[in-house]
Amino acid sequence: MIKKLDSYILKTFIGPFFFIFSILFFIFIVQFAWQQMDKYVGKGLDWLTIGELIFYMGINVIQLVLPLTILLGSIMTFGGFGERYELAAMKASGLSLVRILRSVFVLVVFLSVGLYLFGDYMMPYSQRKARQIMYTIVKSRPAMQISEGIFINTIPGYSMKVNRVEGENNEKLTDIFIHQQLVKMIRDENGHEQAVDQDPMTIIAQKGSLKTDSVNPRFLKLELFDGIAYTEEVFGKNFEQRKRQNNETTKFDTLNFYIDISLLVDKTTDQDPGNHYKNLQAKDLKLLIDSVKLANQEFYTRSAENNYLNAIYYDQQMKDLSEQKNADNQPSITLDKVNPDRRDLNLNNAIISIERDINNNHFNIEEDKSRKKFMSRITLHYHRNWSYAVTCIIFFFIGAPLGAIVKKGGVGMPVIISIIVFILYFIVNLTAENMAKNGTMHPFLAAWAANFLFFPFSILLLLKANNDSGLFDLSKYTDPLIKFFGKFNKKRPTEHSRYQ
């Protein structure tokens, strides 16, 4: 009898589960495709490549679809049992609500384990496949990243605007504006990004073509026609020198311009240091976290040593200068006695030294922020696979008791309740993740924050439903209030009109 009942409950749950999962997965993947479609449609790509790319990029929606499916399916299933009085009959036969939920709970546990394995194995595989497709696209159609009439910063170190893009592979450009930025990011032989100072240059051309270099695919060959290049030398010069100098102007008929896109290409492969952690399984991700911790410790130790040595050096310099005094206890050399040319040179060197120290401090601050954000991202990604799996169980303990309390099946009330619960969960989860990425919350707490908040609520609902508590019976909450305030609002009995 018990086995037949468990089988009946499972069959009743599995039917709506697959239907709801299919609908929700279709809705989420279409919504994701709609957001990404403008990046690929109309760029010369075939629909099969676009569909394959969007599928591999958007398959991670399963981590949100499965918990929501369990929530909605459990509310519909046990709400239908309550609406048809089947749940009352089961309890009348001596079964508690916990015992009634046991068969579906076992299935949900298997689903949560499957979701973790999916995030640990399939997600890295899909990320690698998507990056391989993107690498092929960038290599064959480098101009695909360009949108007409809009400034783009996709190519590291450059800002570019093109008013018209034509050609089979979008390689023909018209009305081109390119600005080479002051700081350009390059990658050294060890794979680390470095900021390189360079003089700003602005190029304006009537026409041009953009293709991948046939010899080295990590370079773009930009051939420009009928244009002018403006260059300004700024490094190693003070403000007055910059103000007096003229810009160098070069007019050209044809200009071959090579752009290093190593960072852009690496962002489409497994070599991208900012995103490659998404291609790793849990065991490899744990090793990456340990190695990043060690690298950060070495960076902080090295920075502290450099700051200490600089402080000792400047302290000794100031001490030596203070000791250079004459018999009257005055400095032996003053600034007004120095040769003007020598004085300007010393002042210029001092300004350059101060600017260098300021730039070094700014670099260390930005490097510290970047390291902390990267550490938070990989730690958050490691714990998120576990938290999404546990979310399936928590959503089941929310949905099943809610269905038993509400006693409404179908797609009406269960859908509304599921949407409200999911939106609250999504808001808490997204807020915590953003705080972790910004360094204002520990990534472990951010990954588990929503589960920590919703788990006590699920236990409360389970206890209420097991005791047949009228959780949504408004009279249960309003009657005591009415009775309490009624004590202060007692009306005197009115006299009959004949005695007035």
So how exposed is K373, as accessible area in Å² (1.4 Å probe, rounded to 10)? 90
For E305, tell me the accessible area in Å² from a 1.4 Å probe, rounded to the nearest 10. 100
Can you list the HN-Hα couplings for the stretch 447-452, worked out from phi with the Karplus curve (6.51, -1.76, 1.60; θ = phi - 60°), rounded to whole Hz and with x for Gly and Pro? 5, 10, 4, 5, 5, 4
Taking 49-56, 291-298, 127-134, 401-408 and ranking on average Cβ neighbours within 10 Å, highest first, one gets 401-408, 127-134, 49-56, 291-298
Which of the residue pairs K286/K369; K129/K369; K3/K91; K278/K369 have a Cα-Cα distance greater than 23 Å in the structure shown? K129/K369
Mean Cβ-within-10 Å packing, highest first, puts peptides 118-125, 363-370 in the order 118-125, 363-370
Hey, can you grab everything whose amide H is under 5 Å from the amide H of M441? Only 5+ residues off in sequence or another chain; H modelled, so Pro and N-termini drop out. A436
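The values are calculated or read from the model by the stated rules, or taken from the named source; none is laboratory data. Here the structure is a predicted model, which means the values were calculated and not measured. FYI the Cβ positions are ideal-geometry reconstructions off the backbone, even for glycines, and counts take in every protein chain you see. With ligands, DNA and RNA removed, areas are computed over all heavy atoms of the protein, side chains included. Shrake-Rupley method; radii C 1.70, N 1.55, O 1.52, S 1.80 Å.
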